[in-house]
Amino acid sequence: MMDYRLARNTKLLTFAKPGGQGAKFKGPFEKMMKALSIPKPVREELGITDEAVGDETILQNKPAVDAEDAKLAEEDGEDKSNLVKRLLSEGKYHILPSFFKTLVTLKKLKREFAVVFRDYNGQDLDNVVAEFNQFCKGEHPCFSGKNGTILAKFDGSKGAKEMRIRERNQRAVSYRAPQSRLVAGARNRALKGENPDEFHNA
């Protein structure tokens, strides 16, 4: 049976193409993809080319940067530009730019807020968390204060709010009824038919 992620991503690649089910939405689709694209100056600075982003990359649906690997890379002193280049290697944001701008606005208004990310397959969050942490540190190339970009840190420095997702206890897995529960510190969920208690206590 075809992996549902592969089936989903195959549909994504063909949906708005000629002959696809959403061919008439080609214009809006391309406009949306353009809005999610990293600005050209940043792509050039990171050495990201259009040729580097192929259909096969999207079909693989693998995290560009695992959240734990990103943390270890920073601790080991990996070149920041290399880490960011791996993260943004597809030439697209993993988080909508408007989300970052919203946080900047909330900070300016001195509003209290919290951020909770949720996914449905346990894989999508790795890239999201890695990009969010780069933003919080002021090291996201599109929000670094360089080349006229916005800069607002959320890394606990100089009285700033600490919002980076770094510790295991900042993650959790939730289960709906009849096994309603929240398992703090977990990254993966028990498969259908498995006992969640046995899975997480193994």
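Observations on the structure shown:
- Ranked by the mean number of other Cβ atoms within 10 Å per residue, highest first, peptides 31-42, 87-98 order as 87-98, 31-42.
- In order along the stretch 132-141, the Karplus-derived 3J(HN,Hα) couplings, from 6.51 cos²θ - 1.76 cosθ + 1.60 at θ = phi - 60°, round to 4, 5, 5, 5, 4, 7, x, 10, 6, x Hz, and Gly and Pro are given as x.
- Distance violations [Cα-Cα > 25 Å] among K108/K158; K34/K161; K40/K161; K26/K85; K17/K146; K92/K192: K34/K161; K40/K161; K26/K85; K17/K146; K92/K192
Just so you know, all these numbers are worked out from the coordinates, no wet-lab data involved. These numbers were taken from a predicted model, which means no experiment stands behind them. For neighbour counting, all protein chains shown are included, and Cβ atoms are generated from backbone atoms with ideal geometry for every residue, glycine included.
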